[in-house]
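Accompanying notes for the structure given below.
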Amino acid sequence: MTKARTRWPRQRDAEAPTTSGETVAADRVDVVDLETCLSACAAHSTKLVSSLDRRRIALAEALRTLLVTHAATVPATSGTSPLPLLRRPAKMSSGSALLLGDALMDPLLAVGDKALDCGYEDEMKLALMVADTVLTQRKRSRAGWRLRARVLEAMGAESAAAAAYERHLELTEEDGFGVASKVAGLREGARLQAELVRRLAAGCPEAREFADRSVTDSWAQGLELHARGARDEARPLLIGTLLGQIAADAPVREIQQTLTHYLGLLREEAGVAGGGSAPTAGRATAGPAGSAGIADPAELDELTALTTLYAEQRRVRMRGPVDDPTFGGVRWLTLGEFRNRIAGKSICLIANSKRVGNSSLGAEIDDYDLVVRFNSYRIDPAATGRRTDIHATIHKHGFNWDQHVDTRLVFGGISGDWKYSLRNRLVPGAQTYLGDESLRWPVRDIGRLSREVWPSIPTSGFNMLWLLDFLDVSPRLDLIGFDFYESGAYRLPAAMRLPITSVHEYTSEKAWVMERAQSVTDTRICLR
């Protein structure tokens, strides 16, 4: 049998280390000037040369874009040389500090996102520095607070993460990223974890004697005693380790590792599924309290209760509390069922463009049998019409998921991420029908258009348009306001800062549309 790897709990202070090696309180942002952050980004980019890690390659590209953008925004008439990004600059006076302009904001946030995606300690520190840099100059930045919250959550500082998420919510009108559910999940997960640890401590009062000791020493000694069969002596040390971690405000992932290992030991002793050994019929198994064996069903019930608490606190941290697991009795649509629902009906697809927002096409739009809208669409009855029958959206954010529609199609390229988003963002009762996995990624999965054939990532609009054209069951199929964002975006206010898809993708999609267009006006492209 393969021996499981032992994870040793680490001794920690109550505050998390920052990039400077000092400690930072959970309720405040470190002041980081833009020049220091840019210098750190430049230095970090040199560490990524020749990296084969795809996440670090993506970070290197984001860093390159940031530094090139910064170089392009340095005033040519300033009389000063460009910022020496490859070395730490001398201390500057407050009056000469660099300002975070709009041109640099998105590239800087992109660096934070890509650094967070890497998941490594150095990149986590860089991502936190980026967030603090943004918030130093823009204290009301929604994106800055959300980035900081995500970094703190990944670092295991959940209470600080929840506070940052709540600050983000205070500054936004639409919760398009499911932040409220995330906060509720973190809070409920922390409560359930506290209840689990409380029950363990209540069953072993002597464990508190070891809470002030080194958690590494207590854990190692406890495991050694347990391996020798001295489970009565091991138990206070092992639970004492948990209490010590809680007292030191250790990162959640470390507490979770300790809980996982300890409950695994209990289940192994009991011979139940999920422990280190398989159940043995008719065997007298050893119980959590020592070597006497579990003869009392109440002890097995307690172990079941502890395991249930553990599973639930892990689950709510991942997806938030779910009041209605059936999501209002939503009905799943397959590709064939979706085809039958749209057959013979006139359909219009409404772009999120200023051309629509500035129009007076509302009444015409509402005359179609089916109205399709996308992602963070915005309703202005006179300009955009009132109805939304089909909402087609990417899985990565939750804008308008709370708006009731007949059918919601959620697109996503990676099955696991798509399923995770549905569990976390779907609003019970907000849709009657929901596309199943056969409708998850039409261009790639149904059309089999590989990256060699179609290199660009298909947008939500193109996935929907391609699907309707492929099914070919609508007598009228019109695109309204599709100028491919030449007129600018018309979205919910909270989504206006989201980047517009690259020009290359829209160039390819526009060419595809125009090849099939039957007639074209300033506001309407007819495909049938």
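The values are calculated or read from the model by the stated rules, or taken from the named source; none is laboratory data. All values derive from a computational prediction rather than experimental measurement. With ideal geometry, Cβ positions are generated from the backbone for all residues, glycine too; neighbour counts draw on all protein chains shown. In case anyone asks, the SASA skips ligands and DNA or RNA and just uses the protein heavy atoms, side chains included. Shrake-Rupley method; radii C 1.70, N 1.55, O 1.52, S 1.80 Å.
Can you report the number of residues in the range 198-225 which are touching a helix residue (DSSP H, G or I) at 6+ places or on another chain (Cβ under 6 Å), open to solvent by 10 Å² or more (accessible area, probe 1.4 Å) and not aromatic (Phe, Trp, Tyr)? Selection size over the range 198-225: 4.
Every residue, every condition in (1) modelled with pLDDT of 95 or more; (2) of a type in the set (Gly, Ala, Ser); (3) open to solvent by less than 10 Å² (accessible area, probe 1.4 Å), yes or no:
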position	(1), (2), (3)
440	yes, no, no
452	no, no, no
455	no, no, no
459	no, no, no
468	yes, no, yes
473	yes, no, no
476	yes, no, no
479	yes, no, yes
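So for the range 460-470 (the condition being over 21 Å from residue 354 (Cβ atoms), more than 32 Å from the chain's Cα centre (by Cα) and aliphatic (A, V, I, L, M)), does at least one residue qualify? No: zero hits.
Condition check ((1) more than 20 Å from residue 522 (Cβ to Cβ); (2) within 32 Å of the chain's Cα centre (by Cα)) across all residues:
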position: 316; (1), (2): yes, yes
position: 356; (1), (2): no, yes
position: 382; (1), (2): no, no
position: 392; (1), (2): yes, yes
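With the requirement that a residue be in contact with a helix residue (DSSP H, G or I) (Cβ under 7 Å, 6 or more places away or on another chain) and free of Cβ contacts under 8 Å to residues at least 24 places away in the same chain, what does the range 381-400 give you? Matches in the range 381-400: 381, 382, 387.
Looking only at the range 226-236, filter to residues that are among the aliphatic types (A, V, I, L, M) and assigned to a helix (DSSP H, G or I); which one of those is most open to solvent (accessible area, probe 1.4 Å)? Spell out how you get there, then give the answer.
Step one: filter the range 226-236 for residues among the aliphatic types (A, V, I, L, M), giving 227, 230, 234.
This time we only want the ones that are assigned to a helix (DSSP H, G or I), so: 227, 234.
Values: 227: 88, 234: 0 Å².
If we take residues in the range 226-236 being among the aliphatic types (A, V, I, L, M) and assigned to a helix (DSSP H, G or I), then 227 is most open to solvent (accessible area, probe 1.4 Å).
Residues in the range 168-197 that are open to solvent by 20 Å² or more (accessible area, probe 1.4 Å) and either modelled with pLDDT of 95 or more or in a helix (DSSP H, G or I) (or both): 169, 170, 180, 181, 182, 184, 187, 188, 190, 191, 194, 195. A count restricted to the range 240-255 and to residues that are buried (at least 19 other Cβ atoms within 10 Å of the Cβ) and either in a helix (DSSP H, G or I) or acidic (Asp, Glu) (or both) stands at 9.
The C-beta contact set for the range 32-51 (first residue in a loop (DSSP other than H, G, I, E, B), second residue of a type in the set (Asp, Glu), distance under 8 angstrom, 6+ apart or interchain) comprises 32/132.
Scan the range 45-74 for residues that are closer than 11 Å to residue 114 by Cβ and of a type outside the set (Lys, Arg) and the total you get is 10.
Provide a single number: the residues in the range 498-526 that are in contact (Cβ under 8 Å) with a residue 60 or more places away in the chain and either surrounded by 15 or more Cβ atoms within 10 Å (Cβ to Cβ) or in contact with a strand residue (DSSP E or B) (Cβ under 9 Å, 6 or more places away or on another chain) (or both).
Just the residues of the range 498-526 that are in contact (Cβ under 8 Å) with a residue 60 or more places away in the chain, to begin with: 498-499, 522-523.
Checking which are either surrounded by 15 or more Cβ atoms within 10 Å (Cβ to Cβ) or in contact with a strand residue (DSSP E or B) (Cβ under 9 Å, 6 or more places away or on another chain) (or both) leaves us with 498, 523.
Number of matching residues: 2.
In the range 299-324, the residues that are at positive phi form Cβ pairs under 7 Å with partners that are among the hydroxyl-bearing types (Ser, Thr, Tyr), at six or more places apart or across chains, as follows: 320/181. Candidates are the residues of the range 482-497 that are of a type in the set (A, V, I, L, M) and open to solvent by less than 30 Å² (accessible area, probe 1.4 Å); the one that is modelled with the lowest pLDDT is 494. For the range 198-207, the candidate set comprises residues that are in a helix (DSSP H, G or I) and within 25 Å of residue 311 (Cα to Cα); within that set, the residue that is farthest from the chain's Cα centre (by Cα) is 205. Taking first residues from the range 54-65 that are touching a residue at least 40 places away in the same chain (Cβ under 8 Å) and partners that are outside any helix (DSSP H, G or I), the Cβ contacts under 6 Å between residues at least 6 apart in sequence or on separate chains come to 56/48.
Here is the figure for the range 373-397: residues that are buried (at least 23 other Cβ atoms within 10 Å of the Cβ) and within 20 Å of residue 320 (Cβ to Cβ) total 1. Only one of the numbered conditions (1) out of contact with any helix residue (DSSP H, G or I) (no Cβ under 9 Å at 6 or more places or on another chain); (2) open to solvent by 50 Å² or more (accessible area, probe 1.4 Å) is violated by residue 369, and that is (1). Only one of the numbered conditions (1) surrounded by fewer than 23 Cβ atoms within 10 Å (Cβ to Cβ); (2) at pLDDT 90 or above; (3) over 18 Å from the mean Cα position of the chain (by Cα) is not met by residue 134, and that is (1). Against the numbered list (1) of a type in the set (Asp, Glu); (2) surrounded by fewer than 17 Cβ atoms within 10 Å (Cβ to Cβ); (3) more than 25 Å from residue 183 (Cα to Cα), residue 302 comes up short only at (2). Would you confirm, using the coordinates I've provided, whether residue 459 is farther than 16 Å from residue 389 by Cβ and β-branched (Val, Ile, Thr)? Spelling it out, residue 459 is indeed farther than 16 Å from residue 389 by Cβ and β-branched (Val, Ile, Thr).
The residues on offer are 31, 74, and the sole one that is more than 21 Å from residue 120 (Cα to Cα), modelled with pLDDT of 90 or more and among the hydrophobic types (A, V, I, L, M, F, W, C) is 31. Taking the range 401-423 as the range and being crowded, with 18+ Cβ neighbours inside 10 Å and either without any contact (Cβ under 8 Å) to a residue 24 or more places away in the chain or touching a helix residue (DSSP H, G or I) at 6+ places or on another chain (Cβ under 6 Å) (or both) as the test, the residues that pass are 401, 409, 411, 412, 418.
Conditions tested, residue by residue: (1) more than 30 Å from residue 109 (Cα to Cα); (2) among the acidic types (Asp, Glu).
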{"position": "429", "(1), (2)": "yes, no"}
{"position": "435", "(1), (2)": "yes, no"}
{"position": "445", "(1), (2)": "yes, yes"}
{"position": "448", "(1), (2)": "yes, no"}
{"position": "466", "(1), (2)": "yes, no"}
{"position": "486", "(1), (2)": "no, yes"}
{"position": "492", "(1), (2)": "no, no"}
